[in-house]
1. If residue 11 meets every condition in (1) loosely packed, with under 12 Cβ neighbours inside 10 Å; (2) modelled with pLDDT of 75 or more apart from one, which number is that one?
2. If we keep just the residues of the stretch 112-148 that are in a strand (DSSP E or B) and within 23 Å of residue 61 (Cβ to Cβ), which is nearest to the chain's Cα centre (by Cα)?
3. Scan the stretch 129-155 for residues that are within 13 Å of residue 175 (Cβ to Cβ) and surrounded by fewer than 17 Cβ atoms within 10 Å (Cβ to Cβ) and report the count.
4. I'm checking my understanding of the structure. Among residues of the stretch 237-256 that are touching a residue at least 40 places away in the same chain (Cβ under 8 Å) and touching a strand residue (DSSP E or B) at 6+ places or on another chain (Cβ under 9 Å), which one is surrounded by the most Cβ atoms within 10 Å (Cβ to Cβ)?
5. Under the condition of being at pLDDT below 85 and assigned to a helix (DSSP H, G or I), which residue from the stretch 67-89 is farthest from the chain's Cα centre (by Cα)?
6. For residues in the stretch 214-236 being in contact (Cβ under 8 Å) with a residue 60 or more places away in the chain and in a loop (DSSP other than H, G, I, E, B), which is surrounded by the most Cβ atoms within 10 Å (Cβ to Cβ)?
């Protein structure tokens, strides 16, 4: 057999063997390739890549993204998942999936219900949810939440949610919030929440860090647009919550802890940056910058300061009291 025919025979044989083993792996419904590589094309983002290559592992997307950034530091400026470098080759981790492959059938597709968009990772006091079909269910550690859920916290209630994009939401006492939309899809990342009343602290995850993302927090007085940030909102809640102070106002208070936000009202649109705080008396008034004093958004520290202040003065006065009592006692002798 001529040499070139022998080479062709070997190449074809290897190709067929590769296809056979690849088919066997796919038949098991598992993604167990040892290593895969990809060259980043202009306009690609790590979020798009993960959504396309790991479509059946949505709940693991944040973890997969973190791992991609960790094992490919050369491809991300400042280890920032949003700053991927075009032209770099990245290694893609293998994640096992127990989801069986879809089999074509003439039977009707069975709807298995909505996909969870978040999970409770911390809970305290009375907390419950009313679903879009008006069914009420209690939520506790490990409970899942879905689009359309209206979440309530009681007088001493508190709930922390970990969302599908790894965002963290703290919903404090006497609060009510609706998850209007939450999607982590290629080219259509959306996070739309509605705070009816109460206090919320939010740390953004994947959604909101790309310019094309839609990220909004609606309140009865204003809409907050988020651009990759950490912020706190308090609206229609004059009574202090979780140790915060009474404010004698049912307006809107907002503070930016990191990044930037845009606040849009009926009259104006204002941008707030890191460390800024603002107050809106009602939907028809103008937003006013305020000092982000302790106790409005977080637990007040006055009691602690007062305790240490009292202790300090007592430590100064106590020796004189003891000396006075000693002199007086000796005088009686």
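The values are calculated or read from the model by the stated rules, or taken from the named source; none is laboratory data. Note that the structure is a prediction, hence the values are computed from the model and not measured. Cβ coordinates were reconstructed from backbone atoms using ideal geometry, including for glycine residues, and neighbour counts include every protein chain displayed.
1. Of the numbered conditions (1) loosely packed, with under 12 Cβ neighbours inside 10 Å; (2) modelled with pLDDT of 75 or more, the odd one out for residue 11 is (2).
2. Step one: filter the stretch 112-148 for residues in a strand (DSSP E or B), giving 118-124, 127-130, 136-138, 144-145.
Next cut, within 23 Å of residue 61 (Cβ to Cβ) only: 118-122, 144-145.
Working: 118: 9, 119: 11, 120: 12, 121: 12, 122: 14, 144: 14, 145: 13 Å.
Checked the stretch 112-148; the qualifying residue nearest to the chain's Cα centre (by Cα) is 118.
3. Qualifying residue count for the region: 2.
4. Ranking the qualifying residues of the stretch 237-256, first place goes to 237.
5. My answer is 78.
6. 222
Rundown of residues vs (1) outside the structural domain of residue 239 (by TED's automatic domain parsing); (2) modelled with pLDDT of 85 or more; (3) not in a loop (DSSP other than H, G, I, E, B), yes/no style:
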residue: 284; (1), (2), (3): no, no, no
residue: 296; (1), (2), (3): yes, no, no
residue: 307; (1), (2), (3): yes, no, yes
residue: 317; (1), (2), (3): yes, no, yes
residue: 325; (1), (2), (3): yes, no, yes
